[in-house]
Amino acid sequence: TLFIAAFGCNLAWGLVDAVMYLVRTAAERGRQLALVRAVRAAPDAQAGRALVRRALYAAIPNVATETQVEDIRARLVGLATVPGRVELEGRDAIAAIAIFLIVVAATFPVVLPFAFFADVVTAKWVSRGLAVAMLFAGGLALGNYAGYGSWKAGFVMAGLGTGLTIAIIALGG
(Lines give C-alpha, C1' and ligand atoms only; values in the text may rest on other atoms or scores of the structure.)
Protein backbone atom coordinates (compact mmCIF):
# COMPACT_ATOMS: atom_id res chain seq x y z
CA THR A 1 0.00 0.00 0.00
CA LEU A 2 2.80 2.40 0.89
CA PHE A 3 4.63 1.49 -2.32
CA ILE A 4 1.55 2.38 -4.38
CA ALA A 5 1.14 5.66 -2.50
CA ALA A 6 4.81 6.56 -2.97
CA PHE A 7 4.68 5.67 -6.66
CA GLY A 8 1.54 7.78 -7.02
CA CYS A 9 3.46 10.65 -5.45
CA ASN A 10 6.25 10.17 -8.02
CA LEU A 11 3.70 10.28 -10.83
CA ALA A 12 2.22 13.45 -9.34
CA TRP A 13 5.63 15.15 -9.15
CA GLY A 14 6.36 14.09 -12.71
CA LEU A 15 3.11 15.75 -13.76
CA VAL A 16 3.88 18.88 -11.76
CA ASP A 17 7.36 19.18 -13.29
CA ALA A 18 5.99 18.66 -16.81
CA VAL A 19 3.32 21.32 -16.35
CA MET A 20 5.81 23.74 -14.77
CA TYR A 21 8.08 23.23 -17.78
CA LEU A 22 5.22 24.31 -20.04
CA VAL A 23 4.48 27.31 -17.80
CA ARG A 24 8.16 28.34 -17.79
CA THR A 25 8.39 27.90 -21.56
CA ALA A 26 5.31 30.06 -22.18
CA ALA A 27 6.53 32.68 -19.70
CA GLU A 28 9.98 32.85 -21.29
CA ARG A 29 8.53 33.20 -24.76
CA GLY A 30 6.15 35.85 -23.44
CA ARG A 31 9.08 37.74 -21.95
CA GLN A 32 10.91 37.59 -25.29
CA LEU A 33 7.82 38.77 -27.16
CA ALA A 34 7.41 41.64 -24.69
CA LEU A 35 11.03 42.64 -25.33
CA VAL A 36 10.46 42.66 -29.10
CA ARG A 37 7.36 44.82 -28.67
CA ALA A 38 9.13 47.18 -26.29
CA VAL A 39 12.08 47.62 -28.65
CA ARG A 40 9.74 48.25 -31.58
CA ALA A 41 7.76 50.78 -29.52
CA ALA A 42 10.84 52.56 -28.12
CA PRO A 43 10.74 56.32 -28.76
CA ASP A 44 14.18 56.29 -30.38
CA ALA A 45 17.10 54.02 -31.31
CA GLN A 46 18.99 54.83 -28.11
CA ALA A 47 16.08 53.68 -25.92
CA GLY A 48 15.74 50.53 -28.05
CA ARG A 49 19.45 49.77 -27.69
CA ALA A 50 19.16 50.20 -23.91
CA LEU A 51 16.39 47.58 -23.82
CA VAL A 52 18.41 45.15 -25.94
CA ARG A 53 21.56 45.77 -23.90
CA ARG A 54 19.69 45.16 -20.61
CA ALA A 55 18.28 41.89 -21.94
CA LEU A 56 21.62 40.68 -23.30
CA TYR A 57 23.63 41.70 -20.26
CA ALA A 58 21.25 40.17 -17.72
CA ALA A 59 23.19 36.90 -17.85
CA ILE A 60 26.58 37.92 -19.23
CA PRO A 61 27.75 41.54 -18.96
CA ASN A 62 29.30 43.11 -22.04
CA VAL A 63 28.48 40.10 -24.23
CA ALA A 64 28.00 42.25 -27.34
CA THR A 65 29.57 45.34 -28.84
CA GLU A 66 27.50 48.46 -29.38
CA THR A 67 27.44 47.68 -33.10
CA GLN A 68 26.03 44.22 -32.38
CA VAL A 69 23.45 45.67 -30.00
CA GLU A 70 22.36 48.10 -32.72
CA ASP A 71 22.21 45.29 -35.28
CA ILE A 72 19.92 43.29 -32.99
CA ARG A 73 17.74 46.36 -32.33
CA ALA A 74 17.47 47.07 -36.05
CA ARG A 75 16.56 43.45 -36.81
CA LEU A 76 13.83 43.51 -34.16
CA VAL A 77 12.42 46.77 -35.48
CA GLY A 78 12.59 45.44 -39.02
CA LEU A 79 10.67 42.24 -38.37
CA ALA A 80 7.83 41.95 -40.88
CA THR A 81 5.47 40.36 -38.37
CA VAL A 82 5.38 39.80 -34.65
CA PRO A 83 3.12 37.12 -33.16
CA GLY A 84 0.06 38.44 -31.37
CA ARG A 85 0.52 35.98 -28.53
CA VAL A 86 2.71 33.15 -27.38
CA GLU A 87 1.73 29.63 -28.35
CA LEU A 88 3.11 26.31 -27.22
CA GLU A 89 4.10 23.85 -29.93
CA GLY A 90 4.07 20.11 -30.38
CA ARG A 91 7.75 19.89 -29.48
CA ASP A 92 6.89 21.53 -26.14
CA ALA A 93 4.38 18.78 -25.40
CA ILE A 94 6.98 16.15 -26.33
CA ALA A 95 9.50 17.82 -24.02
CA ALA A 96 6.93 17.91 -21.20
CA ILE A 97 6.24 14.19 -21.66
CA ALA A 98 9.99 13.52 -21.61
CA ILE A 99 10.32 15.52 -18.38
CA PHE A 100 7.47 13.55 -16.84
CA LEU A 101 9.16 10.26 -17.75
CA ILE A 102 12.59 11.42 -16.53
CA VAL A 103 11.20 12.55 -13.17
CA VAL A 104 9.29 9.31 -12.66
CA ALA A 105 12.28 7.19 -13.69
CA ALA A 106 14.73 9.21 -11.60
CA THR A 107 12.60 9.03 -8.47
CA PHE A 108 11.53 5.41 -8.89
CA PRO A 109 14.58 3.97 -7.06
CA VAL A 110 13.56 5.94 -3.97
CA VAL A 111 10.17 4.16 -4.05
CA LEU A 112 11.59 0.64 -4.39
CA PRO A 113 12.43 0.13 -0.69
CA PHE A 114 8.71 0.31 0.06
CA ALA A 115 8.20 -2.72 -2.19
CA PHE A 116 11.02 -4.74 -0.60
CA PHE A 117 10.84 -3.92 3.12
CA ALA A 118 7.78 -4.76 5.19
CA ASP A 119 8.98 -2.50 8.01
CA VAL A 120 8.02 1.07 7.07
CA VAL A 121 10.73 2.68 9.21
CA THR A 122 13.44 0.61 7.52
CA ALA A 123 11.97 1.33 4.08
CA LYS A 124 11.97 5.08 4.82
CA TRP A 125 15.62 5.08 5.93
CA VAL A 126 16.73 3.03 2.93
CA SER A 127 14.72 5.32 0.66
CA ARG A 128 16.32 8.41 2.20
CA GLY A 129 19.77 6.88 1.86
CA LEU A 130 19.14 6.13 -1.79
CA ALA A 131 17.94 9.69 -2.32
CA VAL A 132 21.10 11.16 -0.80
CA ALA A 133 23.29 8.76 -2.81
CA MET A 134 21.45 9.74 -5.99
CA LEU A 135 21.91 13.42 -5.13
CA PHE A 136 25.63 12.80 -4.68
CA ALA A 137 25.80 11.09 -8.09
CA GLY A 138 23.78 13.90 -9.65
CA GLY A 139 26.09 16.43 -8.00
CA LEU A 140 29.11 14.68 -9.51
CA ALA A 141 27.57 14.99 -12.96
CA LEU A 142 26.41 18.57 -12.39
CA GLY A 143 29.80 19.64 -11.06
CA ASN A 144 31.56 18.09 -14.02
CA TYR A 145 29.12 19.70 -16.48
CA ALA A 146 29.15 23.16 -14.88
CA GLY A 147 32.87 23.21 -14.10
CA TYR A 148 32.42 23.41 -10.33
CA GLY A 149 34.49 20.34 -9.59
CA SER A 150 32.57 17.11 -9.53
CA TRP A 151 33.48 15.85 -6.05
CA LYS A 152 32.80 19.21 -4.45
CA ALA A 153 29.41 19.49 -6.14
CA GLY A 154 28.62 15.88 -5.24
CA PHE A 155 29.23 16.51 -1.56
CA VAL A 156 27.33 19.81 -1.68
CA MET A 157 24.31 18.11 -3.26
CA ALA A 158 24.47 15.24 -0.77
CA GLY A 159 24.72 17.77 2.06
CA LEU A 160 21.74 19.69 0.74
CA GLY A 161 19.81 16.44 0.44
CA THR A 162 20.71 15.48 4.00
CA GLY A 163 19.69 18.92 5.26
CA LEU A 164 16.41 18.74 3.39
CA THR A 165 15.78 15.24 4.72
CA ILE A 166 16.33 16.46 8.28
CA ALA A 167 13.95 19.38 7.66
CA ILE A 168 11.34 17.05 6.13
CA ILE A 169 11.58 14.68 9.10
CA ALA A 170 11.28 17.62 11.50
CA LEU A 171 8.16 18.75 9.63
CA GLY A 172 6.61 15.32 9.98
CA GLY A 173 7.57 13.74 6.64
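The values are calculated or read from the model by the stated rules, or taken from the named source; none is laboratory data. Quick caveat: nothing in here was measured; it's all calculated off a predicted structure. No Cβ is skipped: glycine too gets one built from the backbone with ideal geometry, and neighbour counts run over all protein chains shown. To get the accessible areas, we keep the full protein, side chains included, count just its heavy atoms, and leave off ligands, DNA and RNA. Shrake-Rupley method; radii C 1.70, N 1.55, O 1.52, S 1.80 Å.
Placing a pseudo-label 7 Å from each Cα along the Cα-to-Cβ vector at Leu130 and Leu22 gives an inter-label distance of 2.9 nm. Based on the convex hull around the alpha carbon atoms, segment 86-173 presents an average projected area of 8.2 nm².
Computed with a 1.4 Å probe over protein heavy atoms only, the accessible surface of the chain comes to 66 Å² per residue. Gap in Å between the Cα centre of segment 124-173 and the Cα centre of segment 61-97? Centre-to-centre distance over Cα atoms comes out at 36 Å.
So what is the calculated 222 nm ellipticity per residue for the chain, using -39500 (n - 2.57) for each DSSP H run with n of 4 or more, over all residues, to the nearest 500 deg cm²/dmol? Helices in the chain give a 222 nm mean residue ellipticity of -27500 deg cm²/dmol.
Where a ≥ b ≥ c are the square roots of the eigenvalues of the C-alpha gyration tensor, would you call the chain rounded, which needs a/c under 1.5, or, failing that, prolate if a/b is larger than b/c, or oblate? Taking the square roots of the gyration eigenvalues as a ≥ b ≥ c, the chain is prolate. Ordering Ser127, Ser150 by accessible surface, largest first, gives Ser150, Ser127; the 1.4 Å probe counts only protein heavy atoms, with every chain in place. Using the Cβ-Cβ distance between Ala55 and Phe3 with R0 = 45 Å, the FRET efficiency computed as 1/(1 + (r/R0)^6) comes to roughly 0.40.
Multiplying the residue separation of Ile97 and Thr81 by 0.36 nm and subtracting their alpha-carbon distance yields 2.7 nm. If the segment from Glu66 to Ile168 were pulled out straight at 0.36 nm per residue, it would be longer than the present Cα-Cα gap by 31.7 nm. Among the helices of the chain, those built from whole DSSP H runs whose Cα atoms reach 20 Å or more along their own axis and whose mean Kyte-Doolittle hydropathy is at least -0.5 are 2-41, 90-111, 120-146, 150-170.
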